[in-house]
Every structure is written in structure tokens, then in C-alpha cells.
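J.: Sharing a structure here in C-alpha cells format.
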Amino acid sequence: MLTIDADAHVMEGPRTWEYCDAAERKFMPVLVDPGAGSDRQFWLVDGKIRGHVRHVIKPKDFHALAEASGRDMVVPPEAQHLEDVLARVRHMDEMGIDIQVMYPTIFIQQVTDKPEFEVPICKAYNRWMADVWKQGGGRLRWVCVLPLLSLPDAIDMLPWCKENGAVAVLMRPFEGDRLIQDPYFYGLYDAMCKLDLPIGMHIGNANPDCLDITRQRVGYGAGFWSMSANTAGACHAVITSKLPETFPALRFGFIEASAQWIPWVFKDIKRRAEGRKLPENFFETYRLFVSCYSSTDDIEYIAQYSTENTLMTGTDYGHVDMSVEIDALRTLEKNGKVRAELARKILYDNPARFYGIQ
């Protein structure tokens, strides 16, 4: 059976930004290293620390984290940072993965609030990923990043990204001071429908003020409030705003927030319907795809809420956090917790349909 890793990652490095035009070098992120003893580096953009951090984990520390978490997290460094694309493909072979769909890391948070910076940064990233796709022989598909501060530029980038291996468009639950249902994005959604590109709503937060207040005042587990919980809220907003009816060809993916929140959203939507006639199976009817945790989610229970044909799973390959399950696909197929038919749908049928992979 073919398998698709619906949520893998790339860890950007200095080489990523070498794909920019020479005249745009001044706009590129610069890596800041706190020095010896630190396990992370930071990106400096326009004089500010922006974007998601870059983890720098030594192999022995990777093994220690994996042992402490009880999950397989270890990946070859050259594959993690895509310094050796073929090493990544070889590791996929070892894991029994036919295709990985790669999300960015730096763009999980906002990289800039200025269009003149965002446009060239997105362009350089997309060029890098297109090159990776070509080197990987089509097995490394990717989610493009668009300058959402400048929609004309974002729409202009779309066809090229599609032609060069992109299978979705990254969005975050908070896009600056806008939400996913904002009419501001309607022109982009129309263009995405014409190109058959879905929204990859990855956990994240592109509102620095919201991110700061939840991160600084919550402490341990702050990522749940600042990033994961927002994803469930975004799904709720998509349904209640009638976005799936406004754009009947648009698919929505909610990635890396577990899927255990689905019954909560499903029941709350039904309770709030207030006379509105909803499809009985609205997760499926509205094309709402969700990635689950294969080892901890109660998948058979979740599948009852019209998601049997929309659940996916991923490894979170390349990251170093609680979401990582390098053996997620093998675990789901072999642990016997889900029916073989449902496992096949989660591992291939559903992600293939969501990402438009033939």
C-alpha cells in the first residue's frame, strides 16, 4: 500500500535564502546564534527576531529526547535540513513512506509585517522547495508560502508554485489581524480553486501580539493555547462563516493539532445551527481534512463524526517537539487499533485526495 506522510517539515537554513535575486539579498532572514550551549537559533528580519526558531540538536541529544518521550524522533541531520535531499529520500524508504508533504518551519510564525520583505522572502523559499522537489524525483511535495500582505503578488506566485510541485497553500489560524474567513482573502481563494490547491492550515500564529501574550504568561504548554487550540477555532470559523459553501471547490486541511477536538467542534456547530440546515456529514461534505496523532488519538471514535474520508496523519518529520512521531505511519498500519480499511484511507486515500496527488 502506498503511504503519504501528510505533515512533514523542512528546517530552513542560510542556503534557503540563496535562492533570492541578488538585489533582494538585503531582505533575507539572517541566522542569529546565541552561542555555545544553546539548542536553538533565531531569525533576524528587518532588525527584529521573527519567525519560528531553528532547533539545533546534536545526534546524542536527539536520542535522549526520543527516549524521554517514548517516541521515535531521530532523523539524519543532513535530511532534516535538506542539505542532502537524497538522504531524505533514503530515510523515507527506511520508514516505508512513499511521499512526504513538507510544511515550512520559519513561517509557522509571522516573518515580517512589511510586504516589501515578505514578497522576496516567500519567493526565495518557494524557489528552494521547487529545487528540492526536482531533486527528490517528485516524492517530496511541498506547501507554498505566499505574501499574504500583498494579495496581487500572492496570486501571481500561485501558478508557478503549482507547476513546481506545490500541493497546498500555507495559512495560519491568525494571519496578522485577519482570520481565515476574512473577505480580504476571497480573491486568493478563487485563484486557488481554479488551480485545485487547498489550504494547509498548519498550527501556528502570525499575530505577534497574540503569540507573545499566550507564550509569556502561560509558561509550560504555551504552544497549546498559542498555536494548537487556534486550529480548532479556525475550523469552527470556516463552518460558521459558510466559507465551504461560498467556495464549493476549496478544500481545507487542519494540520498537527491532533484530531481529538473534532467531536467538540462537531457537536458545538450542531448546537449553534439555529435553524440553518447543515449536511449530516459536514466534515466530509465541506471538505474539512484533519491530521490525527496515530498513537494517542481515539481514531475509530473520531471517525464517527463524518471524518472517515477526511482523516490523515503525519510524522512531523524534522521537528523536535511533542508532535513528532517518525514511525506514525508504520504504527497506524500495524498496531491494530483501527480497521485496515480506515488505516488505508488515512495513510493514502484521504491525503491523496486532499493534496491532489495522483
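Rule-based calculations on the coordinates, nothing more; no lab input. In this text, all values refer to a predicted model and were calculated from it rather than measured experimentally. Don't worry about glycine lacking a Cβ; one is built from the backbone with ideal geometry, like all the others, and counts go over all protein chains shown.
J.: Let me see the P(r) profile for segment 150-286: every Cα-Cα distance counted, bins of 10 Å, each bin given as a percent of all pairs.
T.: Binned Cα distances yield the sequence 11, 39, 35, 15, 1.
J.: For Val53 and Glu24, what does the FRET efficiency come to when R0 = 25 Å and r is the distance between their Cβ atoms, rounded to the nearest 0.05?
T.: 0.60
J.: Oh, and also: Taking the alpha-carbon distance from Lys345 and a cut-off under 17 Å, which lysines remain once sequence neighbours fewer than 8 residues away in the same chain are dropped?
T.: Lys334, Lys337
J.: A further question on this structure: Filter the cross-link list Lys134/Lys194; Lys48/Lys123; Lys194/Lys242; Lys114/Lys162; Lys242/Lys267; Lys194/Lys267 down to pairs whose alpha-carbon distance in this structure exceeds 27 Å.
T.: Beyond 27 Å: Lys194/Lys267.
J.: Then there is this: Taking Rh as the Kirkwood radius computed over C-alpha pairs, what is the Stokes-Einstein D of segment 240-294 at 4 °C in a medium of viscosity 1.567 mPa s, expressed in µm² per second?
T.: 107 µm²/s
J.: Continuing with the same structure: Based on the Cα atoms of segment 228-358, what semi-axes does the equivalent ellipsoid have, where each is the square root of 5 times one gyration tensor eigenvalue, given in whole Å with the largest first?
T.: The equivalent ellipsoid of segment 228-358 has semi-axes of 25, 15, 15 Å.
J.: What's the FRET efficiency of Ala340 with Ala87 using the Cβ-Cβ distance as r and R₀ = 35 Å, to the nearest 0.05?
T.: 0.65
J.: Still on this model: For the chain, compute Rh as the Kirkwood radius over C-alpha pairs and then the Stokes-Einstein diffusion coefficient at 25 °C and 0.890 mPa s; write the answer in µm²/s, rounded to an integer.
T.: 119 µm²/s
J.: 222 nm [θ] for the chain, helices only, -39500 (n - 2.57) per DSSP H run of 4+, per residue, to 500?
T.: For the chain, the value works out to -10500 deg cm²/dmol.
J.: Taking the Cβ-Cβ separation of Ala229 and Asp98 as r and a Förster radius of 30 Å, what is the calculated FRET efficiency to the nearest 0.05?
T.: Plugging the Cβ-Cβ distance into 1/(1 + (r/R0)^6) gives 0.40.
J.: Contour minus end-to-end for Arg215 and Arg139, with contour as 0.36 nm per residue of separation and end-to-end as the Cα-Cα distance?
T.: 23.8 nm
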